[in-house]
1. Hand me the list of helices (runs of 4 or more DSSP H) wholly inside the stretch B:294-405 holding 1 or more residues that are in the same structural domain as residue B:522 (by TED's automatic domain parsing).
2. Evaluate the following for residue A:193: is it farther than 30 Å from residue B:478 by Cβ and under 20 Å from the mean Cα position of the chain (by Cα)?
3. Please enumerate the residues belonging to the stretch B:500-525 that are assigned to a loop (DSSP other than H, G, I, E, B), touching a helix residue (DSSP H, G or I) at 6+ places or on another chain (Cβ under 9 Å), farther than 17 Å from residue B:456 by Cβ and modelled with pLDDT under 95.
4. Looking only at the stretch B:180-197, decide whether some residue is surrounded by fewer than 19 Cβ atoms within 10 Å (Cβ to Cβ), in contact with a helix residue (DSSP H, G or I) (Cβ under 8 Å, 6 or more places away or on another chain) and in contact (Cβ under 8 Å) with a residue 24 or more places away in the chain.
5. Inside the stretch B:667-680, can you point out the residues that are out of contact with any helix residue (DSSP H, G or I) (no Cβ under 9 Å at 6 or more places or on another chain) and either more than 14 Å from every other protein chain (Cβ to nearest Cβ) or in a strand (DSSP E or B) (or both)?
6. Within the stretch B:483-499, can you find the residues that are surrounded by fewer than 22 Cβ atoms within 10 Å (Cβ to Cβ) and outside any helix (DSSP H, G or I)?
7. Would you confirm whether any residue within the stretch A:79-90 is more than 7 Å from every other protein chain (Cβ to nearest Cβ), crowded, with 24+ Cβ neighbours inside 10 Å and over 30 Å from residue B:95 (Cβ atoms)?
């Protein structure tokens, strides 16, 4: 890419995903997270620890930002879209935001990996191949959402003293130091669903594959499914909210609809749509 | 194979066809008359798996979560004989498939490295491992000589274990079964029984248009959080209800409120009567539903008086009243911070009166369903039970005390002085899984199987419609051969005490099976005993028909009790309960220790919440250590400063600060605010006034980085968590438009 080319095509820069690329997707797994229903209760995060063999790193390492929470619930006190909160007290509650890998279709982490350890699968997942990863951490540096977690140490040595190790999920590995990891949309559950469907000689149906977080959510704020299945619950929610994949800017017939993608302006084309929190004002 | 179309795959297919395979191999000196099917019953693999077990494939079994008393149904994924993951039971009337963080983490209790695996008896001052026979013999001999001076001190219980415990207690002549829970709804239960004729009425948040919560953290710790979370999701869809929270410091429910109002603990009743006053004086409701005395009391709580006593302005009262009226039917709830006060009963009475005034009774509040088999009914916990036990122990009433599923030496208020009183009990028998404070102070320790290794039944303390008896069944073999289930221990003890009617049961499983066979036909629904037993275990619960009655409304005196003023200790202590650590029982679960608290985002440690104005007065900022002193003692803890706490309140959540309880609870200790609590009680119910303790807060000069999930408290204008007004929502997605 010559400088001349970059300058001449500046407005198209990082908009390649609008052309759809050359992928022939089997599935396109996406989520819809209704922030008005999300209570910030942490159930999703603990379910993720249980499902995905996430290491417990302890207080000191958590303080150094080494927590391995693939799904973390962020909390903000201000609400800039409705004028914030300048009074003496909180006039309303806080704002909770469950953040997991956004499985961007134009992922900024993918092209920077020197060994192609992170790549896009035909399921539309942003995958991490652990035994290919050399730990350059370029991907983590390039993720605008800060949702990649690096094994700086062999956390497993202290995380599961016997017999806690007996709880480990045999469907996926325990990661050792030097490896990057992150939310996989519970790829082992997707694989089980696909295998089961194939064994039964049918297509994967909506609800066959559910991530651990979506399954346990006490208010069912998280909906997971296949965007290519037009009848799936999640694709109907996206359609109803007039949010489309592969767009750098959403043009909504009704601009008041709540669906949005976080930091969409960076043209990462994330696969998680959030629905605005609602407040009585 | 030129000219022949058999490829490798086809060849293998033929091979697999049994007899055909034998024919194919006929040239290989194999007998051609014997097929692979013949004689197969004589071939038994050394690796014969149990029924249904396919290596690599998870099988889900139903059981019941024991992490709090609300009784959520779970499905446990079992693979190669180990339980790996829990999910909510989708058919459960309590939680319908969802599960909270504590339920998810309960597996770490089951697999906890600090579990007690052998019975222990105190010999020469130290707990020494002994055989089960020796331990049981010691217990039996002491119980035999105790002449009925035996007490049971347990957490909330129900079902067949509770029934068996009653049988045992009756057999040995004991009368006292104390059911103690730190996090309880006991004051409200007493007042509800008086005013509605129903201790734990059924709430329908999903039918309410507005919910006013006085510290009722129904999304996290109050009564049945998973059940209410689902009602909450419905409450927020369609025409979207309004949630208002009035509390001393922000709870998870408050953090989701549309309107958050700070209140000093104990003044909630005054605010409730102030709202009632506005409703009546502005003619928004018809006051005649309340008796004349009650109306006279309400008329005294005019806006000026309420503002003077609580600091809540008239505009706020009017706004609350307007929401409640315009979005009728509404629902008003009173939680721990409102009811655990010296005047707690009066606060709940005022809250209930507000519900009556708003016409909510019969709409969003209904009568409870009682489980038809009385001997299995829930024994809900209270803190008065612990006080009664302590009093009896102090008076020397108990030669033997059994302690199960509760840790009073950690959770008892300092004012109760339990350590000295418990020491007066001759023999303390702990039925326990973990080396917690109380277990390590016992004379006999009987190691119990985990809830996922044991049989049992539970009737939830809050029975939702179509709810019933939950079945708890083992999800795997016990990790240790030397632990026993609670029911089995009780059965052995009861048999030794001469309960001959129990001799027919070889173990608790047999007792349970017989108990199911003995259920009334109305519950069995025409099934045979075997079918009913099998169906119940498969489903994980036994549903009962809904027999919703109606509530009888009776309103008594509504006058509020004024707070005791104290100049030495000017601030209120809020020992808030949080999901996660709960009452301290979850401090040994590393997943929950590592979870940042939803509000403050602190992990692995305790914190104190202060309002910015209070912090400025003290000259402290986030991360500074403050000393919190009450008449009972003091503690030092780091400060988190934010605007979600009343300026006269310092909130130090309970659950951490264990002296014992295994490596995870004691690694990063934290502090235990319950050790600052005095002995004040709610005068009417005798319940501990958890929120009435006054404290003095001072600066220590020490400071350290706060163990908190980092990042900004502000979105700095970015669209991360975006917010829209409810008007916009109702316009675009309200009514039938909702898809999510």
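The values are calculated or read from the model by the stated rules, or taken from the named source; none is laboratory data. The shown structure was predicted, so the numbers you read here are calculated from the model rather than taken from an experiment. Neighbour counts are summed over all protein chains in view; Cβ atoms, including those assigned to glycine, are modelled from backbone coordinates with ideal geometry.
1. Numbers: elements: B:303-310, B:314-326, B:336-339, B:344-357, B:384-394.
By residue number, B:384-394.
2. Values: farther than 30 Å from residue B:478 by Cβ: yes; under 20 Å from the mean Cα position of the chain (by Cα): yes.
Yes.
3. B:525
4. no
5. Taking the stretch B:667-680 as the starting set, the residues that turn out to be out of contact with any helix residue (DSSP H, G or I) (no Cβ under 9 Å at 6 or more places or on another chain) are B:669-671, B:673.
Scanning the stretch B:667-680 gives B:671, B:673.
6. Across the stretch B:483-499, the qualifying residues are B:497, B:498, B:499.
7. There is no residue in the stretch A:79-90 that is more than 7 Å from every other protein chain (Cβ to nearest Cβ), crowded, with 24+ Cβ neighbours inside 10 Å and over 30 Å from residue B:95 (Cβ atoms).
Table: residues versus (1) within 14 Å of chain A (Cβ to nearest Cβ); (2) part of a loop (DSSP other than H, G, I, E, B).
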{"position": "B:63", "(1), (2)": "no, no"}
{"position": "B:86", "(1), (2)": "yes, no"}
{"position": "B:95", "(1), (2)": "yes, yes"}
{"position": "B:116", "(1), (2)": "yes, yes"}
{"position": "B:134", "(1), (2)": "no, no"}
{"position": "B:146", "(1), (2)": "no, yes"}
